[in-house]
Every structure is written in C-alpha cells, then in structure tokens.
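This report refers to the structure that appears directly beneath it.
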Amino acid sequence: MESTESKILELIRQGESLSLEFKSDRKCLSDRDLVATVVSLANSEGGDLLIGVEDDGTVTGLHANHLDVSGIPSLIANKTNPAVSVSVERCNIQQNSVARITVPKSRQLVSTSEGLLVRRRLKLDGKPEVVPFYPHEFIQRQSSMGIVDPSAMVLETIEVSRLDLLQRQRIRNAVKKYGGEQSLLMLADEELDGALGLCRDVNGIRRPTIAGLLLLGTEELLRENLPAYEVAFQVLRGTEVRVNEFYRKPLLETFEEVELQFRPWVVEEELEVGLFRVPIPNYDRRAFREAFVNALVHRDFSRLGAVHVRLDNSGLNISNPGGFIEGVSLDNLLVAPPLSRNPLLADIIKRIGLAERTGRGIDRIYEGMLRYGRPAPDYSMSNSYSVSVFMANVAADRDFLKMVVEQHDRLGDPLVEPLIVLTRLRDERRLTISDIAPALQKSESQTRIILERLLEAGMVEAHGSGRGRSYTLSARVYQQRGRKAAYVWQAGFDAIQQEQMILKYIATHGGIKREEAMALCRLNKDQAYRLLKKLATTGSIRFEGKGKGGKYVLSP
C-alpha cells in the first residue's frame, strides 16, 4: 500500500494547481491565511493543502506551533461558515515535517467566520490564484452544481402583457412539427403558460420566468433583462467571411432562423443499398439540431458570451458559455445521467419536441457522425468556461455506411455503442476489452456484453481467451468492404503459421524470449508460453540460459 510520504512526494512533484496549494510555514502560517486557503479550495474543486512546502516545491517543514496537527480540523470547522470538515495527516519528508490537509468540494458557498468569500482560478500562465467570490458568480456556481434552476426564476418587474403573443403560436407550431406533447395544442394561452412553466403567479399577478422570457419575450425585453443571451452564426471559407449573423430574438425564432441559415450548407450524395437510396449529407441534420439545442438550453445565462455556430473548411463547431454541469465531464459524456444547468428550460424544449425526450441527445450527435464512418464528435476543446463540440467535415466511408444500413437490425439499440466499437476496430483493427472500454465510457464487464452481442450478430470475431482475448471485425464485414486480404492479415495466424513464425524468428535472430513471441504472434502471456512449450516438447526448440536472461533456441 502506498505510504503517506510517497503520496505527498507525488503531490509535490505535480506542482501547484487548481486543486493543490503549497504554503510555507517558516514564519508560522497564520490561522487567517490557513482558513482562507481552505475556503478557496472548498469553493472551487476541493483538493489538498500542503503546509511546510514553498511555492517552488522545496520542503522547508512545519513551524513548531504546527507540529501537532490534531487540532487543525476543529480550528477550520470553527472558523468556516458553514463548517468545512477536513482530514489532516503529517509525515516527515527530507528530514522535515509536512502537513497534508485534504479539503472536500463544498456544495454550498463557504466563507470564513470573518465573512471572507474566496475561490481559486487559473491565471493565463496556468498557475493558480485566490480571488474574491463576487455575488454575480454565486448563481453560476449553484446552477453548475444543480442546486438552483436559473431558468425557473420569476421576473417580477415584467408584465405578461409585454410578451410577444405570436411566440405562443410558434410553440404550438413546433409541437406539431417536431412531435411534441399533443395535449399542449388544446390549451388556451394562460393554460399553456402554466403547463410549461412560462409564467407563474406572484401575489395574484402572472409574471414570466426566465424560460418564459426566452420563449415569449420581445427582442427589447431580452436585451434589457438577459444581456448575455445572443446567438452567432458564421460561415468562413478560408479567410473569407461568407456569413456573420447575430441573433437576440426569442429562442424558438432564433433556432428556426439559424436552421434556415445552416440548410444551404448541407450537401447530400446518395448511396444505393438494395432497392433503397440512402442520403449521405456532409452534416447530419439531426446531429446539428441536437448539438445546437444543447448549446441554447444548457448555456450559462449569467456569463456574457454568445452561443456560436461556426462552419469552416474543416467542419462545424458549436460552443456555448458555461462549462459542463457538475457530474458531467469528457470522461462520462456518454453515460452521465441527463443533467441541465437550466432544468425548466430543458424540460420545455423536450416537451415541445425540439430535443431528444429521453435526455440522451448526445447519443444522436455521436450516431450522426459514426454511422457515416466519420470521426466521433470532438468535445476536447471544452473547459470550465465553455462547452465546445466539433464535427469534422470529412468524406463518408460509403462501405461502412452500407454495412450499417444493411445490418441495422443486427446492431440493436442503442446504435451508438456498436458504432463506437465497429469504428474503433475499423481504425485500429485489433483491440482488447480494456482498449475498447474507455471509448464506450463503460466498465469492462459492460463492454464485454456489447462485444458478445456483436459476436452473435457476426460483426466481430474473438481471438484467444482470458484477459488477452482480442477482437477484430469479422470476415463477413471485411468481405462486404472488399478487403478480404486485410481480414486475413488482421485476424492473425493459425497454430501452424505461428510455429513457423517462431522457428523463422529464432533462425534469423538466434533465439526468442516469451515477450518477443507474444509481440510476434499477437498472443497473451499464457498463449505464448503454451506455444513455446509445445515446440520444446516436440524437440524443435530448447530453452537456454536461466530466468529472465534465458531464451528459446533451435535444437541441434
């Protein structure tokens, strides 16, 4: 088990970050500075505070007043509001004592008992700093953690009579067009407002919510009350700007106008599959719609900045202000439960039919890229301030698409999981369960179930057993793609071929170790051992040397 000393040394090697702070104790760190640092960590991502370490990582040790660390947790609990519960451990490093204080991320705003409210952020050079936590930032943090719903806040200064009545008809038209809840069509205006949460009663007077303003407000009201709300649509061809439009219209109207702007840039080819003609667009319309709606609905309305839709030679990029909500990250996008920074607004858009009603619109975005044999959508440019998705404009893999269309029923539902597996195997040819699991963002046991389903469907083949078991596309898939030779090379070699490869390798290089046999024949440790043992038993080879220095050579 890793020792406390080795853990702290590893932290020191990492250097200061958003979740790691070093504090010198040569002049005896004051209680005030200690508590303020703990508060800044709790109000950010949580993390570790190392006392007795300089900013450059030099270990200078604890002051005599802090050698007894047992009282630190109670000190911090008494001087924070609400109380922060930390854990503390001390160890000797380089003949000096260091205290490690582990601070949990707080789901509430935390201040010192003196009222100091601070948080951590990264400077342009990547180093952390402590800054004040301003009141306008409170709602950002609470909404990102799912504690409050900004879109459900009531605007008590706006009268319902100032809203745009025509936007309610736009909502009804959207319900018809996108297959939303048909019961909404039967409601009168006031009933529709109540059913969707567009307006609420405040002291007997109907007032719009933020979501209601976004859907029913005029441009003037939106500018006055939601100055951060803006959508930009841009088309660039090289350095030439073809389109550069900005919108502050009600949300549904903005969506429709941006979709109209996007439509001329979608170019379709066709693929014949049996008796059917399958369209091949350069951009999948459903994937665009889901990504754009996600950006509109999940953006942070307390942060200035527009939702950007940009088309250029390389592809389509859609971004929105506000990072991923608490619990969602690049590592769990495909499996995280549906969460929104603006739950009421998200619910309204789903009920209208504009977004995936299961809350799994991300699957549709992935499917819209992968089914055409294109790269998966790229969210890697997202950070704590914005979410960005890029969909590459590359040629479709027509053979791959034909296979998906022909084998659609065999692939099962949800389609995105088999598509991810088949795409990875197409690109990397031979993979193990541990190779595939991260791409699916699932455990190895869950990944095995998906692979077994593809095995039964005849889409993939398995090679070997145990943890070394690997997978390739099946002979049928390679045949459908016109790449029979690639299958023979990729699927590996039978036992006789493997034996001949071993013997030829030894003849060329004078000997072979088990690790070399594993790499040569693409076998796991046990398979390589059995193959070499078999050749030794038949007298073809013999083991020479001892232990790790030994190797198999040809028998005389």
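Where a number appears in this text, it was derived from the coordinates with a stated rule and is not lab data. Everything quoted here is computed from the prediction, not taken from an experiment. FYI the Cβ positions are ideal-geometry reconstructions off the backbone, even for glycines, and counts take in every protein chain you see.
Could you tell me which of rounded, prolate or oblate describes the chain, using a ≥ b ≥ c as the square roots of the eigenvalues of the alpha-carbon gyration tensor, with rounded for a/c under 1.5 and, failing that, prolate when a/b is larger than b/c and oblate otherwise? Walk me through the numbers before you get to the answer.
On the way: a/c = 2.72, a/b = 1.18, b/c = 2.30.
Because a/c hits 1.5 or more and a/b fails to exceed b/c, the chain counts as oblate.
Would you calculate the separation in nanometres between label points at R107 and I205, each defined as 7 Å from the Cα along the Cα-to-beta-carbon direction?
For the pair R107/I205, the computed spacing is 3.6 nm.
Using the basic label-point model (7 angstrom from Cα toward the beta carbon), what is the R448 to S70 distance in nanometres?
So the label points at R448 and S70 sit 4.8 nm apart.
Between K176 and E10, what's the calculated FRET efficiency when r is the beta-carbon distance and R0 is 56 Å? Round to 0.05.
Numbers: r = 59 Å, r/R0 = 1.06.
So, using R0 = 56 Å, E works out to roughly 0.40.
With an 8 Å Cα cut-off and a minimum separation of 6 or more residues, compute the relative contact order for the stretch 88-169 in percent. Spell out each step's value before the answer.
Working: 49 pairs, mean separation 12.3, N = 82.
This gives 15 percent for the stretch 88-169.
When the Cα centres of the stretch 412-441 and the stretch 2-28 are compared, how far apart do they sit, in Å?
Between the Cα centre of the stretch 412-441 and that of the stretch 2-28, the gap is 39 Å.
With point charges of +1 on the Cβ of Lys and Arg and -1 on the Cβ of Asp and Glu, referenced to the Cα centre of the chain, which listed residue (I12, Y552, L122) lies farthest in the positive direction of the dipole?
Going by the Cα projections, it comes out as Y552.
Please tell me which of these pairs span more than 25 angstrom C-alpha to C-alpha: K176/K350; K442/K548; K127/K442?
Going by Cα-Cα distance, K442/K548; K127/K442 fall outside the 25 Å limit.
With r defined as the distance between the Cβ atoms of R530 and D409 and R0 fixed at 30 Å, what FRET efficiency is calculated, to the nearest 0.05? All intermediate terms of the calculation are to be shown ahead of the outcome.
Details: r = 39 Å, r/R0 = 1.31.
According to the calculation, E is roughly 0.15.
Multiply the residue gap between R398 and L165 by 0.36 nm, knock off their C-alpha separation, and tell me the result in nm, one decimal place. Provide the component values of the computation, followed by the final result.
Values: separation 233, 0.36 × 233 = 83.88 nm, distance 4.75 nm.
Taking 0.36 nm per residue and subtracting the Cα distance, the gain is 79.1 nm.
Please identify which residues in the stretch 334-355 have an amide N closer than 15 Å to a label point set 7 Å out from the Cα of E191, following the Cα→Cβ vector.
Backbone N within reach: none found.
Tell me, how many Å apart are the Cα centres for the stretch 450-468 and for the stretch 164-236?
One Cα centre to the other: 50 Å.
List the aspartates and glutamates whose Cα lies under 18 Å from the Cα of K546, skipping any in the same chain that are fewer than 8 positions away.
Once the sequence-local aspartates and glutamates are set aside, what remains near K546 is E515, E516.
Would you please give the FRET efficiency between F246 and E156, computed as 1/(1 + (r/R0)^6) with r the Cβ-Cβ distance and R0 = 35 Å, to the nearest 0.05?
With a Förster radius of 35 Å, E is 0.75.
At what distance in nm do the modelled label points of A457 and C91 sit from each other, each positioned 7 Å from its Cα along Cα→Cβ?
4.8
Tell me whether the stretch 298-368 comes out rounded, prolate or oblate; compute the Cα gyration tensor, take square roots of the eigenvalues as a ≥ b ≥ c, and use a/c under 1.5 as the rounded threshold. List each step's numbers first, then the result.
Working: a/c = 1.34, a/b = 1.16, b/c = 1.16.
Note, shape of the stretch 298-368 comes out rounded.
Can you pull out the GluC sites (Glu not before Pro) in the stretch 111-206 that DSSP calls coil and that have at most 15 other Cβ atoms within 10 Å? Intermediate values should be presented prior to the final figure.
Values: sites: E114, E129, E137, E156, E159, E181, E190, E191; in loops: E114, E156, E159, E181.
When the GluC sites (Glu not before Pro) of the stretch 111-206 are filtered for loop state and at most 15 Cβ neighbours within 10 Å, E114, E156, E159, E181 remain.
Under the rule of -39500 (n - 2.57) per DSSP H run of 4 or more residues, summed and divided by the residues of the chain, what mean residue ellipticity at 222 nm is obtained, to the nearest 500 deg cm²/dmol? Before the final figure, lay out the partial values.
Values: 22 runs with 218 residues, N = 556.
Result for the chain, helices only: -11500 deg cm²/dmol.
Please state the shape class of the stretch 198-284: rounded when a/c is under 1.5, otherwise prolate if a/b exceeds b/c and oblate if not, all from the C-alpha gyration tensor. Working shown, then result.
On the way: a/c = 5.58, a/b = 1.92, b/c = 2.91.
Here the stretch 198-284 falls in the oblate category.
About the Cα centre of the chain, how large is the charge dipole given +1 on each Lys and Arg Cβ and -1 on each Asp and Glu Cβ? Please answer in debye to the nearest 20. Working shown, then result.
Numbers: 75 positive and 73 negative charges, 423 e Å.
My answer is approximately 2040 debye.
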